[in-house]
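Report on the structure given below.
The values are calculated or read from the model by the stated rules, or taken from the named source; none is laboratory data. In this text the structure is predicted, and so the values were computed from the model without any measurement. Heads up, the Cβs are rebuilt from the backbone with ideal geometry, glycines too, and the neighbour counts pull from every protein chain shown. When the accessible area is computed, the model is the full protein with side chains, heavy atoms only, and any ligands, DNA or RNA have been set aside. Shrake-Rupley method; radii C 1.70, N 1.55, O 1.52, S 1.80 Å.
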Amino acid sequence: MNETHHPSPESPLTLVLGGTGKTGRRIVDRLRARDHAVRVGSRSAVPPFDWEDPQTWPAALDGVSAVYVAYVPDVALPSAAETVRAFAAAAVAAGVERIVLLSGRGEEGAVRAEAVVRDAGVDWTILRASWFAQNFSEGYLLEPVLLGEVALPVGDMVEPFVDADDIADVAVAALTEPGHAGALYELTGPRLLTFADAVAAIGQAIGRDITFVSVSTDEYRAAMVEQQVPDEYVQLLTYLFTEVLDGRNACLADGVRRALGREPRDFAEFARDAASAGVWARYDTEAVR
Ligand SMILES: NC(=O)c1ccc[n+]([C@@H]2O[C@H](COP(=O)([O-])OP(=O)(O)OC[C@H]3O[C@@H](n4cnc5c(N)ncnc54)[C@H](OP(=O)(O)O)[C@@H]3O)[C@@H](O)[C@H]2O)c1
(Lines give C-alpha, C1' and ligand atoms only; values in the text may rest on other atoms or scores of the structure.)
Protein backbone atom coordinates (compact mmCIF):
# COMPACT_ATOMS: atom_id res chain seq x y z
CA MET A 1 0.00 0.00 0.00
CA ASN A 2 1.35 3.42 -0.93
CA GLU A 3 1.06 5.61 2.15
CA THR A 4 1.27 8.92 0.30
CA HIS A 5 -2.07 10.71 -0.02
CA HIS A 6 -1.67 13.27 -2.77
CA PRO A 7 -4.85 15.10 -3.83
CA SER A 8 -3.05 16.98 -6.61
CA PRO A 9 0.56 17.10 -7.79
CA GLU A 10 0.72 20.85 -7.01
CA SER A 11 -0.34 20.63 -3.35
CA PRO A 12 2.56 20.79 -0.88
CA LEU A 13 3.43 17.43 0.63
CA THR A 14 3.81 16.90 4.40
CA LEU A 15 5.81 13.99 5.82
CA VAL A 16 4.53 12.81 9.21
CA LEU A 17 7.20 10.81 11.03
CA GLY A 18 5.74 8.39 13.56
CA GLY A 19 2.67 8.66 11.34
CA THR A 20 1.06 5.51 12.76
CA GLY A 21 1.76 6.41 16.40
CA LYS A 22 -0.16 8.26 19.11
CA THR A 23 0.40 11.77 17.75
CA GLY A 24 1.32 11.08 14.12
CA ARG A 25 -1.79 9.02 13.35
CA ARG A 26 -4.00 11.86 14.52
CA ILE A 27 -2.04 14.38 12.46
CA VAL A 28 -2.28 12.22 9.33
CA ASP A 29 -6.06 11.88 9.82
CA ARG A 30 -6.49 15.62 10.24
CA LEU A 31 -4.35 16.50 7.22
CA ARG A 32 -6.20 14.00 5.03
CA ALA A 33 -9.55 15.34 6.24
CA ARG A 34 -8.42 18.79 5.05
CA ASP A 35 -7.34 17.26 1.75
CA HIS A 36 -3.67 18.03 2.35
CA ALA A 37 -1.09 15.88 0.64
CA VAL A 38 0.48 13.69 3.34
CA ARG A 39 3.03 10.88 3.53
CA VAL A 40 3.29 8.55 6.52
CA GLY A 41 6.85 8.15 7.77
CA SER A 42 7.42 4.88 9.60
CA ARG A 43 9.12 1.52 9.10
CA SER A 44 5.86 -0.04 7.91
CA ALA A 45 5.02 2.76 5.45
CA VAL A 46 5.67 2.75 1.71
CA PRO A 47 8.29 4.03 1.13
CA PRO A 48 9.59 2.97 4.56
CA PHE A 49 11.28 5.43 6.91
CA ASP A 50 13.63 4.12 9.58
CA TRP A 51 15.49 6.38 12.00
CA GLU A 52 18.19 3.72 12.19
CA ASP A 53 18.70 3.53 8.43
CA PRO A 54 19.49 6.93 6.85
CA GLN A 55 19.36 5.31 3.42
CA THR A 56 15.57 5.25 3.79
CA TRP A 57 15.39 9.01 4.37
CA PRO A 58 15.78 10.44 0.81
CA ALA A 59 12.81 8.53 -0.62
CA ALA A 60 10.63 9.53 2.34
CA LEU A 61 11.70 13.18 1.88
CA ASP A 62 11.25 13.29 -1.88
CA GLY A 63 8.97 16.20 -2.83
CA VAL A 64 8.23 17.08 0.81
CA SER A 65 7.85 20.70 1.96
CA ALA A 66 6.96 20.24 5.65
CA VAL A 67 7.83 17.53 8.21
CA TYR A 68 6.40 16.54 11.58
CA VAL A 69 9.20 14.95 13.60
CA ALA A 70 8.35 12.50 16.39
CA TYR A 71 11.68 10.86 17.22
CA VAL A 72 11.51 7.23 18.29
CA PRO A 73 12.03 5.74 20.79
CA ASP A 74 12.31 8.98 22.75
CA VAL A 75 13.52 12.50 22.08
CA ALA A 76 15.02 12.58 25.60
CA LEU A 77 17.63 9.94 24.73
CA PRO A 78 21.23 11.22 24.50
CA SER A 79 21.46 9.94 20.91
CA ALA A 80 18.34 11.78 19.74
CA ALA A 81 19.92 15.16 18.98
CA GLU A 82 22.61 13.78 16.66
CA THR A 83 20.13 11.68 14.70
CA VAL A 84 17.69 14.57 14.46
CA ARG A 85 20.61 16.78 13.31
CA ALA A 86 21.44 14.39 10.48
CA PHE A 87 17.79 14.09 9.53
CA ALA A 88 17.23 17.85 9.55
CA ALA A 89 20.25 18.32 7.27
CA ALA A 90 18.86 15.72 4.86
CA ALA A 91 15.45 17.41 5.01
CA VAL A 92 16.87 20.84 4.23
CA ALA A 93 18.92 19.39 1.37
CA ALA A 94 15.73 17.81 0.01
CA GLY A 95 13.96 21.19 -0.03
CA VAL A 96 11.92 21.00 3.18
CA GLU A 97 10.89 24.47 4.33
CA ARG A 98 9.20 23.77 7.67
CA ILE A 99 9.90 21.37 10.56
CA VAL A 100 7.58 20.80 13.52
CA LEU A 101 9.33 18.90 16.32
CA LEU A 102 7.56 16.96 19.06
CA SER A 103 9.63 17.49 22.18
CA GLY A 104 9.28 16.54 25.84
CA ARG A 105 8.91 18.88 28.79
CA GLY A 106 11.76 19.10 31.29
CA GLU A 107 14.14 16.80 29.41
CA GLU A 108 17.74 17.82 28.77
CA GLY A 109 18.15 15.54 25.76
CA ALA A 110 15.00 16.98 24.24
CA VAL A 111 16.31 20.52 24.62
CA ARG A 112 19.39 19.51 22.61
CA ALA A 113 17.18 18.12 19.84
CA GLU A 114 15.16 21.35 19.90
CA ALA A 115 18.34 23.40 19.41
CA VAL A 116 19.26 21.28 16.40
CA VAL A 117 15.91 21.99 14.74
CA ARG A 118 16.07 25.68 15.60
CA ASP A 119 19.47 25.89 13.93
CA ALA A 120 18.51 23.89 10.84
CA GLY A 121 17.90 26.98 8.70
CA VAL A 122 14.19 26.44 8.00
CA ASP A 123 10.95 27.56 9.65
CA TRP A 124 10.51 25.60 12.87
CA THR A 125 7.93 25.09 15.58
CA ILE A 126 8.61 23.17 18.80
CA LEU A 127 5.82 21.31 20.58
CA ARG A 128 7.18 20.65 24.08
CA ALA A 129 4.61 18.26 25.48
CA SER A 130 3.88 16.98 28.97
CA TRP A 131 2.96 13.30 29.55
CA PHE A 132 0.30 12.09 27.17
CA ALA A 133 -3.10 11.01 28.50
CA GLN A 134 -2.96 8.38 25.74
CA ASN A 135 -0.11 6.56 27.52
CA PHE A 136 -2.99 4.98 29.49
CA SER A 137 -5.03 4.03 26.42
CA GLU A 138 -2.51 3.44 23.61
CA GLY A 139 0.88 3.25 25.31
CA TYR A 140 2.77 1.29 27.92
CA LEU A 141 0.19 1.96 30.65
CA LEU A 142 -2.66 0.33 28.71
CA GLU A 143 -1.86 -3.20 29.86
CA PRO A 144 -1.65 -2.31 33.57
CA VAL A 145 -5.02 -0.52 33.30
CA LEU A 146 -6.49 -3.62 31.64
CA LEU A 147 -5.07 -5.75 34.44
CA GLY A 148 -6.67 -3.46 37.04
CA GLU A 149 -3.48 -2.31 38.76
CA VAL A 150 -1.05 0.44 37.80
CA ALA A 151 2.18 0.29 39.82
CA LEU A 152 4.62 3.13 39.24
CA PRO A 153 7.59 4.68 41.06
CA VAL A 154 5.73 7.94 41.68
CA GLY A 155 4.00 9.28 44.75
CA ASP A 156 2.05 12.49 45.00
CA MET A 157 3.85 14.20 42.14
CA VAL A 158 1.40 16.04 39.92
CA GLU A 159 1.54 16.10 36.13
CA PRO A 160 -0.59 18.12 33.67
CA PHE A 161 -1.36 15.23 31.28
CA VAL A 162 -1.93 16.49 27.74
CA ASP A 163 -4.31 14.96 25.23
CA ALA A 164 -2.71 13.75 22.00
CA ASP A 165 -5.68 15.24 20.12
CA ASP A 166 -4.58 18.68 21.33
CA ILE A 167 -0.99 17.98 20.26
CA ALA A 168 -2.27 16.94 16.83
CA ASP A 169 -4.39 20.08 16.50
CA VAL A 170 -1.39 22.26 17.32
CA ALA A 171 0.86 20.28 14.96
CA VAL A 172 -1.59 20.62 12.06
CA ALA A 173 -1.88 24.36 12.68
CA ALA A 174 1.92 24.69 12.72
CA LEU A 175 2.30 22.54 9.60
CA THR A 176 -0.37 24.23 7.49
CA GLU A 177 -0.99 27.76 8.74
CA PRO A 178 1.11 30.91 8.96
CA GLY A 179 1.99 32.45 12.32
CA HIS A 180 3.66 29.53 14.09
CA ALA A 181 7.21 29.78 12.76
CA GLY A 182 9.72 30.33 15.56
CA ALA A 183 7.19 29.39 18.26
CA LEU A 184 7.89 27.07 21.18
CA TYR A 185 4.61 25.80 22.59
CA GLU A 186 4.58 24.14 26.00
CA LEU A 187 1.62 21.81 25.72
CA THR A 188 -0.15 20.67 28.89
CA GLY A 189 -3.64 19.76 29.90
CA PRO A 190 -5.75 22.21 31.96
CA ARG A 191 -5.28 20.42 35.32
CA LEU A 192 -2.56 18.96 37.50
CA LEU A 193 -3.24 15.35 38.50
CA THR A 194 -1.34 12.75 40.44
CA PHE A 195 -1.01 9.38 38.71
CA ALA A 196 -3.45 8.08 41.30
CA ASP A 197 -5.94 10.80 40.23
CA ALA A 198 -5.50 9.83 36.59
CA VAL A 199 -6.05 6.14 37.31
CA ALA A 200 -9.12 6.98 39.43
CA ALA A 201 -10.55 9.08 36.56
CA ILE A 202 -10.16 6.12 34.21
CA GLY A 203 -11.78 3.82 36.79
CA GLN A 204 -14.70 6.25 37.04
CA ALA A 205 -15.06 6.40 33.26
CA ILE A 206 -15.24 2.61 32.94
CA GLY A 207 -17.20 2.09 36.16
CA ARG A 208 -14.61 -0.01 37.99
CA ASP A 209 -11.89 0.48 40.55
CA ILE A 210 -8.41 0.47 39.10
CA THR A 211 -5.78 0.31 41.81
CA PHE A 212 -2.83 2.66 41.81
CA VAL A 213 0.23 1.46 43.73
CA SER A 214 3.26 3.61 44.45
CA VAL A 215 6.36 1.40 44.31
CA SER A 216 10.06 2.04 44.80
CA THR A 217 12.28 2.52 41.76
CA ASP A 218 13.98 -0.81 42.51
CA GLU A 219 10.66 -2.64 42.69
CA TYR A 220 9.56 -1.02 39.43
CA ARG A 221 12.81 -1.91 37.68
CA ALA A 222 12.64 -5.49 38.96
CA ALA A 223 9.04 -5.89 37.75
CA MET A 224 10.02 -4.68 34.26
CA VAL A 225 13.01 -7.01 34.13
CA GLU A 226 10.75 -9.90 35.17
CA GLN A 227 8.38 -8.99 32.32
CA GLN A 228 11.40 -9.13 29.98
CA VAL A 229 11.12 -5.45 29.02
CA PRO A 230 14.25 -4.61 26.98
CA ASP A 231 17.01 -3.06 29.06
CA GLU A 232 17.10 0.18 27.03
CA TYR A 233 13.39 0.70 27.68
CA VAL A 234 13.76 -0.08 31.40
CA GLN A 235 16.44 2.60 31.64
CA LEU A 236 14.36 5.12 29.70
CA LEU A 237 11.23 4.65 31.82
CA THR A 238 13.24 4.74 35.04
CA TYR A 239 14.84 8.01 33.90
CA LEU A 240 11.46 9.51 33.01
CA PHE A 241 9.82 8.49 36.29
CA THR A 242 12.66 9.36 38.60
CA GLU A 243 14.46 12.33 37.06
CA VAL A 244 11.85 14.05 34.92
CA LEU A 245 9.02 13.55 37.42
CA ASP A 246 10.83 15.42 40.19
CA GLY A 247 8.45 18.35 40.26
CA ARG A 248 10.02 20.37 37.45
CA ASN A 249 6.92 19.89 35.27
CA ALA A 250 4.36 20.33 38.03
CA CYS A 251 2.84 23.46 36.53
CA LEU A 252 0.41 24.30 33.76
CA ALA A 253 1.45 25.97 30.52
CA ASP A 254 -0.55 27.92 27.96
CA GLY A 255 0.75 26.42 24.69
CA VAL A 256 -2.59 25.03 23.51
CA ARG A 257 -4.32 28.37 24.11
CA ARG A 258 -1.51 30.33 22.44
CA ALA A 259 -1.49 28.11 19.39
CA LEU A 260 -5.20 27.44 18.97
CA GLY A 261 -7.05 30.16 20.91
CA ARG A 262 -8.92 27.57 22.99
CA GLU A 263 -8.42 25.65 26.21
CA PRO A 264 -6.90 22.14 26.25
CA ARG A 265 -9.01 19.04 26.84
CA ASP A 266 -9.34 17.79 30.38
CA PHE A 267 -8.17 14.32 31.42
CA ALA A 268 -11.72 13.36 32.47
CA GLU A 269 -12.96 14.13 28.95
CA PHE A 270 -10.17 11.97 27.50
CA ALA A 271 -11.09 9.14 29.88
CA ARG A 272 -14.80 9.34 29.00
CA ASP A 273 -14.11 9.35 25.24
CA ALA A 274 -11.57 6.52 25.41
CA ALA A 275 -13.97 4.46 27.55
CA SER A 276 -16.81 5.10 25.06
CA ALA A 277 -14.51 4.04 22.21
CA GLY A 278 -13.98 0.75 24.06
CA VAL A 279 -10.20 0.92 24.49
CA TRP A 280 -10.45 -0.51 28.01
CA ALA A 281 -13.29 -2.94 27.20
CA ARG A 282 -10.88 -5.92 27.21
CA TYR A 283 -10.72 -5.39 30.99
CA ASP A 284 -14.01 -7.23 31.39
CA THR A 285 -13.31 -10.14 29.16
CA GLU A 286 -9.63 -11.02 28.98
CA ALA A 287 -7.56 -9.24 31.57
CA VAL A 288 -9.43 -10.18 34.74
CA ARG A 289 -9.53 -13.89 34.01
N1 LIG B 1 4.41 9.51 25.62
C2 LIG B 1 4.57 10.67 26.23
O3 LIG B 1 4.01 10.93 27.29
C4 LIG B 1 5.48 11.72 25.60
C5 LIG B 1 5.56 12.99 26.15
C6 LIG B 1 6.36 13.97 25.53
C7 LIG B 1 7.05 13.64 24.38
N8 LIG B 1 6.97 12.37 23.86
C9 LIG B 1 7.72 12.04 22.65
O10 LIG B 1 6.84 11.48 21.69
C11 LIG B 1 7.66 10.78 20.74
C12 LIG B 1 6.90 9.55 20.29
O13 LIG B 1 5.75 9.98 19.62
P14 LIG B 1 4.39 9.16 19.68
O15 LIG B 1 4.11 8.80 21.11
O16 LIG B 1 3.37 9.91 18.91
O17 LIG B 1 4.80 7.84 18.89
P18 LIG B 1 4.44 6.34 19.26
O19 LIG B 1 3.00 6.23 19.62
O20 LIG B 1 5.49 5.86 20.22
O21 LIG B 1 4.61 5.61 17.86
C22 LIG B 1 5.85 5.28 17.32
C23 LIG B 1 5.81 5.62 15.83
O24 LIG B 1 7.14 5.61 15.33
C25 LIG B 1 7.29 4.58 14.36
N26 LIG B 1 8.59 3.96 14.58
C27 LIG B 1 8.97 3.07 15.53
N28 LIG B 1 10.27 2.77 15.41
C29 LIG B 1 10.73 3.49 14.35
C30 LIG B 1 11.99 3.62 13.70
N31 LIG B 1 13.07 2.93 14.12
N32 LIG B 1 12.08 4.44 12.65
C33 LIG B 1 11.02 5.14 12.20
N34 LIG B 1 9.80 5.08 12.76
C35 LIG B 1 9.66 4.25 13.82
C36 LIG B 1 6.11 3.64 14.55
O37 LIG B 1 5.71 3.03 13.33
P38 LIG B 1 6.44 1.70 12.76
O39 LIG B 1 6.35 0.68 13.85
O40 LIG B 1 5.66 1.37 11.53
O41 LIG B 1 7.84 2.08 12.44
C42 LIG B 1 5.03 4.64 15.00
O43 LIG B 1 4.48 5.31 13.89
C44 LIG B 1 8.99 10.51 21.42
O45 LIG B 1 9.98 11.33 20.83
C46 LIG B 1 8.76 10.95 22.85
O47 LIG B 1 9.94 11.46 23.42
C48 LIG B 1 6.19 11.41 24.43
With +1 at each Lys and Arg Cβ and -1 at each Asp and Glu Cβ, the charge dipole magnitude of the chain around its Cα centre, to the nearest 20 debye, comes out at 680 debye
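How do the peptides 73-80, 39-46 rank, highest first, by the average count of neighbouring beta carbon atoms within 10 Å per residue?
Working: 73-80: 18.0, 39-46: 20.6.
The densest-packed peptide leads the list: 39-46, 73-80.
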Counting only other residues whose beta carbon sits under 12 Å from that of residue 26, what net charge do I get with K and R as +1, D and E as -1? -2
So which GluC sites (Glu not before Pro) in segment 41-125 pass both tests, a DSSP loop state and at most 15 other Cβ atoms within 10 Å of the Cβ? 52, 97
Taking the Cα centroid of segment 98-116 and of segment 14-38, what is the distance between the two, rounded to the nearest whole Å? 20 Å
Between residue 231 and residue 115, with labels modelled 7 Å along Cα→Cβ, what's the label distance in nm to one decimal, could you check? 2.9 nm
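Can you work out the FRET efficiency for the pair residue 151 and residue 273, with r the C-beta to C-beta distance and R0 = 30 Å, to the nearest 0.05? The partial results should precede the final answer.
Numbers: r = 25 Å, r/R0 = 0.85.
The pair residue 151/residue 273 has a calculated efficiency of 0.75.
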Pair residue 213, residue 35: separation of 7 Å Cα→Cβ label points (nm): 5.5 nm
Rounded FRET efficiency, nearest 0.05, which uses the C-beta distance separating residue 143 from residue 177 and R0 of 45 Å: 0.75
If the label point is 7 Å along Cα→Cβ of residue 242, which residues in segment 140-179 have backbone nitrogen under 13 Å from it? 153-154
State the percentage of accessible surface on the chain attributable to carbon and sulfur atoms; use a 1.4 Å probe and exclude ligands, DNA and RNA. 49 percent
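How much FRET efficiency would the formula 1/(1 + (r/R0)^6) give for residue 252 and residue 62, where r is the Cβ-Cβ distance and R0 is 45 Å, rounded to 0.05?
Values: r = 41 Å, r/R0 = 0.91.
That gives a FRET efficiency of 0.65.
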On a 0 to 90 degree scale, rounded to 10, what angle separates helix 217-226 from the longest Cα axis of the chain? 80 degrees
Kindly write out, for segment 258-274 in residue order, the coupling ³J(HN,Hα) from the Karplus curve 6.51 cos²θ - 1.76 cosθ + 1.60 (θ = phi - 60°), rounded to whole Hz, with x marking Gly and Pro. 5, 7, 10, x, 9, 7, x, 6, 7, 4, 5, 5, 4, 4, 4, 5, 5
